[in-house]
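> Please find one structure pasted underneath; my questions will follow.
The values are calculated or read from the model by the stated rules, or taken from the named source; none is laboratory data. No experiment lies behind these values; they were computed from the predicted model shown. Here the Cβ positions follow ideal geometry from the backbone for every residue, glycine too, while neighbour counts run over all protein chains shown. What goes into the accessible areas is simple: the full protein's heavy atoms, side chains included, and nothing from ligands, DNA or RNA. Shrake-Rupley method; radii C 1.70, N 1.55, O 1.52, S 1.80 Å.
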Amino acid sequence: INDLLQHLISLWGTKLKTFLEDLGLDQFYREKLSLNKILEINEKTINDEPPKCKSDLSWHFLKKLMMVNVTARKIKSVSMSNQDDELEPDELNLDDLLACTNEGDSVNPLDLITALFLCSDGFVHQELALKMSMCQFSVPLLLPNCGTQQCTLMLWAMKDIVKKYRPSNLSESKGFIEERIVLSELPMISFVRLGECSLSKSEILNKLLNNPDDTFVHRDMECGDIQRRISNGLTEMTWFLPCGNKNMDIFSEPVAIANLRGDIASFETQFSFLCQTSAAVFVFFDQLDSECELLMNKNHKAQIFLVGNQQSKSLTPDVLKKITTNLGLTRNNIIIKSKQTNNADFVKQLRKRVSDVINNPQRKMSVKKMADVAAELGIIVDEDSPECQDGKMKADEITAEIEDILKYKKDQLPLQDKIWKELTCLEKEEFRLRKVGSENIENYKSKLQSERKELRKKQNVSALSKAMTCFITAISSPHRERYYFLKWMRMNLDNLSQTKLSGLRELYKEKCKDSENKQEIKEIDQQLSSSSLGVEHFFREMGQIYEASLYLPETDPSRQQLQHLPKLCAQLLLDGFPLELVDGDASNIPLRWVSDVLSQLNDLVSPKNKILVITVLGVQSTGKSTLLNTMFGVQFAVSSGRCTRGAFMLLIKVNEDFKKVLNCDFMMIIDTEGLKSPELAQLDNSHEHDNELATLVVGLSDITIINIAMENSIEMKDILQIVVHAFLRMKEVGKKHQCQFVHQNVSDVSAHEKNLRDRKLLLDQLNEMTQAAAKMEKREENKSFTDVMEYNPDTGNCYIPGLWNGNPPMAPVNAGYSETVYELKKNIIQQLRKCGSTSNNILEFREWITSLWNAVKHENFIFSFRNSLVADAYMRLCTEYNKWEWEFKKEMYTWVTNAEIRISNFGSFAAKSKISDMKEFIIVLKSEATTELTKLETKILENLKKYFEQPEGHVYLVEGYREEFSNSAKSLRQETERSVFNQITVAADIKEGMNEVDKIKQNQTKEIEKAVCALIEKCRKNKVKMTDRELDESFNKMWTETLKTLSFSKQQTSNIFTSVSHQLRTNLKRKGSHACELLSEKSLKDCGLEPFKYKPQELKDKAKEFLAWLIRSKTRQEIADSIISACNDYVSDKINRKTNYHDTYIQEILHIIDEKLNKADVDIDIEFEVPLKQHICGFAARKFQKIHSDFIQENDPYECLQKNKEKFCTDFKDVFHKRDQCQKKAQEFTNQCLKPAVEIEVYRSLGPDIINELKIRKEFSTRMFFQCSILLDLISKDEFETFNRYICSYEEYVKLWISRRIKEIFSSQSAVCEFEEKHLNSCIDHINAAIKKAKAEKTDSLKTFVENICRNLGNKLVISKDALNAFMVLNNADQEQFGHWLDGCVEEMTEALTVKFKNTKFETKLSRLHIKPENELFIKMIGCGKQCPFCKIPCEAGAETHTHFASVHRSQGLGWYRWNDSKKLVTDVCTSLVISDKRFRCSDTKNKYHPYKQYSEIYPDWNIAPDGSLEASDYWKYVMAKYNNKFAKEYNAEPADIPDAWKKITKEQAVESLKKSFNFK
């Protein structure tokens, strides 16, 4: 027998294995299917294709069931559905028709359900049972395993099913019972079959329960007639639960219904179990043995009812009588369906018998107690697994202690109560400073920080409670035990809360009857809110324990023991457990805890760490959590009395294949507490709390679902107002958003059309609220909702019918609800596909949480928002724009250089141009310049456009700056165009001025050449051998005589002062007559001799306005010094170029002055402007006069001839002696003509290369990094004098710092040598090519040969005309020999120049560069030069036209501010002042007090964001605290009262805060 049994088990095992293989589930039989795998987002999630084969069926069923779709059991595959289509329409094959069976690819739904339960883990069992129960499907009670011939009691699987119902005794009071169904003591009525049965037991049960959607699968259902392969022996269970309405309730009391599949003769164990646990067992039969031993077991405690069908021939009165006697039954225990009885009457009869049993049950038993019976019968209980029991034991150890929830929370979870709420208030006060009063802000903030530390100390003093010790130990246990523990905890705590809450509700109802008990009602209401105790409270406590531990020393064992907690939580989050993001009770986020958990999560999943976020917002109890649960199959808490408080986040994995489509690895779902919640409505700050929560979650999400219950229009308006505020705030901080409005409880099929008017009304309301919100947020340019975000009223609204199809508790979930939610889910995933480029990684998401929450803590969110991701995106944009801008400048510099060369060579033999008139040539050049400028401007704008189209780099965050940078490009083009045109004009005018002089010099050189030739002729005729001395004497005599015959008209030197005076007068003409009067008071020649000192007007009321007067005077002097320095640089550059003076020089200087005065932070009056311009123009005119005089002297024809006298004499002697001049002339041409030109060209080209090299360094990439680099350098030196120079002479310090850094960077010379070599080689290549080309061209003279060489170099080198003319004199060298020697000379020149460049000091090279790196960097890095109106910190904005901002502000005392009375330096920092109620006054406010909060009314161009981290200004706090006395002495003030917190800031903390503020990694 044993062998036979083993053989049968083996056969059944094979049968099970084959079936699971057919379904594609065989891999999960041993390694069970997990919830994570089922909930994974993949292609099938949004794919509507029906299952194509058996292996698709299980996933199709799971997908539908997880969305609680009552059609889930309709599981036909496409091949099954298409079987009928395969027949030809005219084919009549009746044999096939009669033989047709519904087999093949078909699967019985019960087999599929059994297979899924066999192949999944305990947590999936619970989820499947819960969803099946919600659909009013029966759930497995006893699960058979045909492979082992054992069955399992599914106690654990049903543990999550919580039911609410109203029995008859509560119908009057309208009370209800809510409990976990496995704990409910209910009578169970079981239905079984003995032998074959013509009646469909399951169908009759469905009619008995009056469920049109079929609780039990039966033979007339789709695929219900397919032969069962593995589900025989399955015992299913369902419940009938009354709603308290006699007309609707089939039974007035709750009852459990069990249904055994298969013949009880084959499943005696299951039958025995039912007979011992049921109040009654109804046995369906067709044929009955009168002995029927199976029904006569004495251990059976249930009443037996026999249900037969009269149609059976074997069923005779005699047989019935015999059975009745044998079983001791009465007539009532036998129900026979006669031929005359229809189904309705039969069901009525059956229902009557069931009612009788329910009303007088002999036995009530909970499923939990059935476990004992199961154990006796050898039935496995799923809950008895070691992991489950271990989790239960650990959970019971904690929850067994709970008697009074309120007291328990106070004793065992103390950190999240009073102290945490106090900490929350303190944190918000640190950001809002509402109670600062007249106290010094920084002292007040210091005091708040001390209080915060004290509270954390208090938290650390209390030892870890017993409950938390047990909890932390339990969640530190291995994987599965941990999850069982948490599930047990959740269930135990829910059970406790339900018990507590039901009692409180009764009391509340009682007290409400008497309106006098208002205070008591309020207290009970508060108790109802406080009596909630869930797993989240333990995690919340854990978060507080962890955060408090961070205030302990790093080496403290207590701290070290808790360092693993974030990783534990991260693992839980990864495994699908929700984590509390916002503590709804304290209305706060434990930022450090959440941040560290997310960091650990990032470590666990990196590099697959991209997430997209979906959030739901809505009024309380509008089904938000249910919506998310249905949409994603997750389990946010939805049971009564467990309304979500705060916000929870949950992670869903995206399948590998689908990651590329969504561009993310995980989907983060955030569920929030209801807005306008009654629990919070009594609190004064409930609206504030709602706004904070909405702003946070909207800011974090990629798509926000706005959940609206249509029946509540007033609350709808309130929530829309909150949401619009949140969306407006996000638009302003640069976050792209999409939203979906979900209208619940709209069931009509024509809802979408009918609600067209409603949608229009909704849009009107949204527009109205946008305008109101924009006004409140001071962003009134937003006029309509579509200004704030992309929203289409037709596609942005979803109408969802009610959740239940009928009247709960017996109503299944509405199929329309599930289907519509599925459509919404598809739509959302499609939208997420589009916004994949905005997906953040986990660390970026963490940064958003921090920055959004810190900004939310301020009163003015938009004004307060700071975020390192935005800063990083802005920095990247600045870096890219700086590259494009430099590329533009470099291209234009190269173009201008080439234009200047062409102008210099114009009209000479080296020029290539066909145009002979200079004016015409300049018009052509300006046209070329315009084309080039347009091309380069378009390139920048195109780059900008492409930059904002790229998917990476969070470019959408800086969309608001696009216009600024676009305007900067246009401004750059305009400024460059003006500069280029000026340079072309100057070059042309100087060239034109030189033409006459060049002609004179050329003619005079020819005369000298004639005279020399005549002398040679004369000397040769004498036929006397002359010595060199005699030749020298003859030459000198000839030279003197010839010069006497030449007329040397002295070149006129212009009076530059006259020209400059004229330009200055023209510039000031538009300033009015007073300016002209001031101008006439002093001669320009007397100006600029002494350093400029601003002389302010005398004060009328010295006592009142002295400080303002002093600061104004100091500021004006600083502005003057800055302008003078810039003009000095310009003049120096012109001196180094050694060209002639041009009027554009002074025009450019006046342009620099006007531009800087326009940008100045103080009012500029004419008494300041005129003396300043006179001073600058005076010293400039003096320098320009010298430039002009030197130029005239340098180009004087007489002087030029005298310079070449020695050369002419040597050539004369060579010609006389008929020496070979080829080598000598080649050397002369190389050294006098080519070498200087090459040197000039190398130095022309070297500047851009050095700048290029510097620009790729981080410190010079953006103004922000530049500022950070300087400040880091300052603190590394840590010297008062250096800090003081930086603060008091900012521009001068920056200039020197840049110069020093350039010299440090290029100290090795290797980089510069590389650049020099590159340009030298380029020049030599051009020269060699020109020589080669000239050799190829057959010429008749050396002069033509040399001219051809020069012409070929015309666009590369400027060869001195004087040197070339001198070279041509008395040149009788052989052309071919000259060419040969020239090649060698060029080689020698290359070597000589290489050595010369190598030996030249870098400082000398810098002075010879045409474009000065230090000036270019200074202009770029100094930016607009604006300083904060309060603390004088410089602006760091990247674009040319921008709103000014600075990453780090400093104490006003460092900007010379001191208190009027005490004369002490001020410690207040502007980032704190702008959120306080303090006021300021200055000349800009006309000395009237103005609130700091409204500083933008006075300084609209500045954005001074509050200190988001409360540590950003630590750098300057450290500096001021350390050098307080020295600053006071320097500023002629008393030392400041330094707050205690400042004195504790270390140098390392100062550096760290600086790097964090500048996002400097």
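> Name the residues in region 1432-1454 that are in contact (Cβ under 8 Å) with a residue 60 or more places away in the chain, farther than 30 Å from Lys970 by Cβ and not charged (D, E, K, R), would you?
Val1448, His1449, Ser1451, Gly1453, Leu1454
> I need every pair where a residue in region 362-389 that is farther than 13 Å from Cys275 by Cβ has its Cβ under 8 Å from the Cβ of a residue that is of a type in the set (Lys, Arg), sequence separation at least 6 or different chains.
Final answer for the pair search is Glu383/Lys159; Glu383/Lys392; Glu387/Arg480.
> Here's another thing I want to ask about it. Those residues that are open to solvent by less than 10 Å² (accessible area, probe 1.4 Å) and touching a Lys or Arg at 6+ places or on another chain (Cβ under 9 Å), I need them from region 763-787; list them, please. It would help to see each step written out before you state the result.
We begin by selecting, within region 763-787, every residue open to solvent by less than 10 Å² (accessible area, probe 1.4 Å); these are 766, 770, 773-774, 782, 785.
Those that are open to solvent by less than 10 Å² (accessible area, probe 1.4 Å) and touching a Lys or Arg at 6+ places or on another chain (Cβ under 9 Å): Thr770, Ala773, Ala774, Asn782.
> Looking at Ile1302, Ile1359, which is the one that is buried (at least 16 other Cβ atoms within 10 Å of the Cβ), touching a residue at least 60 places away in the same chain (Cβ under 8 Å), farther than 27 Å from Phe1266 by Cβ and not polar (S, T, N, Q)? Outline the logic, then answer.
On the way: Ile1302 fails: farther than 27 Å from Phe1266 by Cβ.
Result of the check over Ile1302, Ile1359: Ile1359.
> Looking at Leu941, is it open to solvent by less than 20 Å² (accessible area, probe 1.4 Å), modelled with pLDDT of 80 or more and farther than 30 Å from Lys660 by Cα?
It is false that Leu941 is open to solvent by less than 20 Å² (accessible area, probe 1.4 Å), modelled with pLDDT of 80 or more and farther than 30 Å from Lys660 by Cα.
> Would you pick out the residues in region 162-217 that are of a type in the set (Phe, Trp, Tyr) and assigned to a loop (DSSP other than H, G, I, E, B)? Break it down stepwise before answering.
From region 162-217, those of a type in the set (Phe, Trp, Tyr) are 165, 176, 191, 216; that's our starting set.
Phe176, Phe216, listed by residue number.
> Considering only region 126-164, state which residues are open to solvent by 10 Å² or more (accessible area, probe 1.4 Å), of a type in the set (Ser, Thr, Tyr) and at pLDDT 90 or above.
Within region 126-164, Thr152 is the sole residue that qualifies.
> Can you pull out the residues in region 1416-1430 that are out of contact with any Phe, Trp or Tyr (no Cβ under 9 Å at 6 or more places or on another chain), part of a helix (DSSP H, G or I) and in contact (Cβ under 8 Å) with a residue 24 or more places away in the chain?
Listed by number, the list holds a single entry, Phe1418.
> Okay, next question. Looking at region 1165-1174 only, could you name the residues that are open to solvent by 20 Å² or more (accessible area, probe 1.4 Å) and in contact (Cβ under 8 Å) with a residue 24 or more places away in the chain?
Looking only at region 1165-1174, we keep the residues that are open to solvent by 20 Å² or more (accessible area, probe 1.4 Å), and these are 1165-1167, 1171.
Those that are open to solvent by 20 Å² or more (accessible area, probe 1.4 Å) and in contact (Cβ under 8 Å) with a residue 24 or more places away in the chain: Ile1166, Glu1167, Pro1171.
> I've got another one for you. Of the numbered conditions (1) of a type in the set (A, V, I, L, M); (2) over 37 Å from the mean Cα position of the chain (by Cα); (3) buried (at least 18 other Cβ atoms within 10 Å of the Cβ), Ala474 satisfies every one except a single condition; which is it?
Just one mismatch for Ala474, condition (2).
Every residue, every condition in (1) without any contact (Cβ under 8 Å) to a residue 24 or more places away in the chain; (2) of a type in the set (D, E, K, R); (3) closer than 30 Å to Gln600 by Cβ; (4) touching a Phe, Trp or Tyr at 6+ places or on another chain (Cβ under 9 Å), yes or no:
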position	(1), (2), (3), (4)
Glu790	no, yes, no, no
Gly796	no, no, no, yes
Gly802	no, no, no, yes
Gly806	yes, no, no, no
Ala811	no, no, no, yes
Glu819	no, yes, no, no
Leu832	no, no, yes, no
Phe845	no, no, yes, no
Thr850	no, no, yes, no
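> So, Asn1158, is that one touching a Ser or Thr at 6+ places or on another chain (Cβ under 8 Å), over 20 Å from Pro1091 (Cα atoms) and not hydroxyl-bearing (Ser, Thr, Tyr) or not? So that I can check it myself, show each step before the final result.
Values: touching a Ser or Thr at 6+ places or on another chain (Cβ under 8 Å): no; over 20 Å from Pro1091 (Cα atoms): yes; not hydroxyl-bearing (Ser, Thr, Tyr): yes.
For Asn1158, the condition - touching a Ser or Thr at 6+ places or on another chain (Cβ under 8 Å), over 20 Å from Pro1091 (Cα atoms) and not hydroxyl-bearing (Ser, Thr, Tyr) - is not met.
> Quick one: which residue in Val1474, Val1466, Val1448 is surrounded by 22 or more Cβ atoms within 10 Å (Cβ to Cβ) and touching a strand residue (DSSP E or B) at 6+ places or on another chain (Cβ under 9 Å)?
Only one candidate passes the filter, namely Val1466.
> Further question on the same structure: When the residues of region 359-370 are narrowed to those that are surrounded by fewer than 20 Cβ atoms within 10 Å (Cβ to Cβ) and in a helix (DSSP H, G or I), which ends up farthest from the chain's Cα centre (by Cα)? Before you say what the answer is, go through the steps one by one.
Just the residues of region 359-370 that are surrounded by fewer than 20 Cβ atoms within 10 Å (Cβ to Cβ), to begin with: 359-360, 362-364, 366, 368-369.
Then keep just the ones that are in a helix (DSSP H, G or I); that gives 359, 368-369.
Values: Asn359: 63, Lys368: 50, Lys369: 54 Å.
Among those residues, the one meeting the criterion is Asn359.
> Across region 1538-1556, what is the number of residues that are among the hydroxyl-bearing types (Ser, Thr, Tyr) and open to solvent by 20 Å² or more (accessible area, probe 1.4 Å)? Can you show your working first?
At the first step, the residues of region 1538-1556 found to be among the hydroxyl-bearing types (Ser, Thr, Tyr) are 1546, 1553.
This time we only want the ones that are open to solvent by 20 Å² or more (accessible area, probe 1.4 Å), so: 1546.
The qualifying residues number 1.
> Sticking with this one: Mind checking which residues of region 1524-1537 are open to solvent by less than 20 Å² (accessible area, probe 1.4 Å) and under 21 Å from Thr1471 (Cβ atoms)?
Here is the first cut: in region 1524-1537, the ones open to solvent by less than 20 Å² (accessible area, probe 1.4 Å) are 1524, 1527-1528, 1531, 1533, 1536.
Matches in region 1524-1537: Asn1524, Phe1527, Ala1536.
> Looking for something in contact with a strand residue (DSSP E or B) (Cβ under 8 Å, 6 or more places away or on another chain) and surrounded by fewer than 22 Cβ atoms within 10 Å (Cβ to Cβ) - is there at least one such residue anywhere in region 546-564? Walk me through how you get there before you give the answer.
Applying the first criterion (in contact with a strand residue (DSSP E or B) (Cβ under 8 Å, 6 or more places away or on another chain)) to region 546-564 yields none.
No: zero hits.
> Give the residues of region 1179-1210 that are open to solvent by less than 20 Å² (accessible area, probe 1.4 Å) and either within 60 Å of the chain's Cα centre (by Cα) or of a type in the set (Phe, Trp, Tyr) (or both), sorted by residue number.
Ala1180, Ala1181, Phe1184, Ile1187, His1188, Phe1208
> Moving on to the next point. Return yes or no: is Lys1517 among the basic types (Lys, Arg), closer than 29 Å to Tyr874 by Cβ and surrounded by 20 or more Cβ atoms within 10 Å (Cβ to Cβ)? Explain how you work it out, then say what you get.
Values: among the basic types (Lys, Arg): yes; closer than 29 Å to Tyr874 by Cβ: yes; surrounded by 20 or more Cβ atoms within 10 Å (Cβ to Cβ): yes.
Here the answer is yes, as Lys1517 does meet what is asked.
> Within region 1275-1388, considering only helices (runs of 4 or more DSSP H) that don't extend past its boundaries, which have at least 2 residues that are farther than 30 Å from Thr1115 by Cβ?
Values: elements: 1280-1288, 1290-1305, 1310-1336, 1342-1352, 1361-1368.
Counting at least 2 such residues, we get 1290-1305, 1310-1336, 1342-1352, 1361-1368.
> Take the residues in region 37-76 that are at pLDDT 90 or above and of a type in the set (S, T, N, Q), then tell me which one is surrounded by the fewest Cβ atoms within 10 Å (Cβ to Cβ).
Thr71
> Residue check, Val821 against (1) touching a Ser or Thr at 6+ places or on another chain (Cβ under 6 Å); (2) over 28 Å from Lys44 (Cβ atoms), all met but one. Which one?
Condition not satisfied by Val821: (2).
> Restricting to region 565-594, and then to whatever is under 24 Å from Arg482 (Cα atoms) and β-branched (Val, Ile, Thr), can you tell me which residue is surrounded by the most Cβ atoms within 10 Å (Cβ to Cβ)?
The residue in question is Val582.
Matching residues to (1) open to solvent by less than 30 Å² (accessible area, probe 1.4 Å); (2) without any contact (Cβ under 8 Å) to a residue 60 or more places away in the chain; (3) in contact with a Leu (Cβ under 9 Å, 6 or more places away or on another chain); (4) assigned to a helix (DSSP H, G or I):
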site: Ile922; (1), (2), (3), (4): yes, no, no, yes
site: Lys946; (1), (2), (3), (4): no, yes, no, yes
site: Tyr956; (1), (2), (3), (4): yes, no, no, yes
site: Tyr961; (1), (2), (3), (4): no, no, yes, yes
site: Ile984; (1), (2), (3), (4): yes, no, yes, yes
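> On to the next question. Can you pull out every residue in region 304-349 that is surrounded by fewer than 18 Cβ atoms within 10 Å (Cβ to Cβ), in a helix (DSSP H, G or I) and of a type in the set (Val, Ile, Thr)?
Within region 304-349, Val319, Thr324, Thr325 qualify.
> Looking at Glu1403, Glu1414, Glu1440, which one is touching a Ser or Thr at 6+ places or on another chain (Cβ under 6 Å), closer than 30 Å to Thr976 by Cα, surrounded by fewer than 19 Cβ atoms within 10 Å (Cβ to Cβ) and not hydroxyl-bearing (Ser, Thr, Tyr)? Talk me through it step by step, then tell me what you get.
On the way: Glu1403 fails: touching a Ser or Thr at 6+ places or on another chain (Cβ under 6 Å); Glu1414 fails: surrounded by fewer than 19 Cβ atoms within 10 Å (Cβ to Cβ).
Being touching a Ser or Thr at 6+ places or on another chain (Cβ under 6 Å), closer than 30 Å to Thr976 by Cα, surrounded by fewer than 19 Cβ atoms within 10 Å (Cβ to Cβ) and not hydroxyl-bearing (Ser, Thr, Tyr) holds for just one of Glu1403, Glu1414, Glu1440, which is Glu1440.
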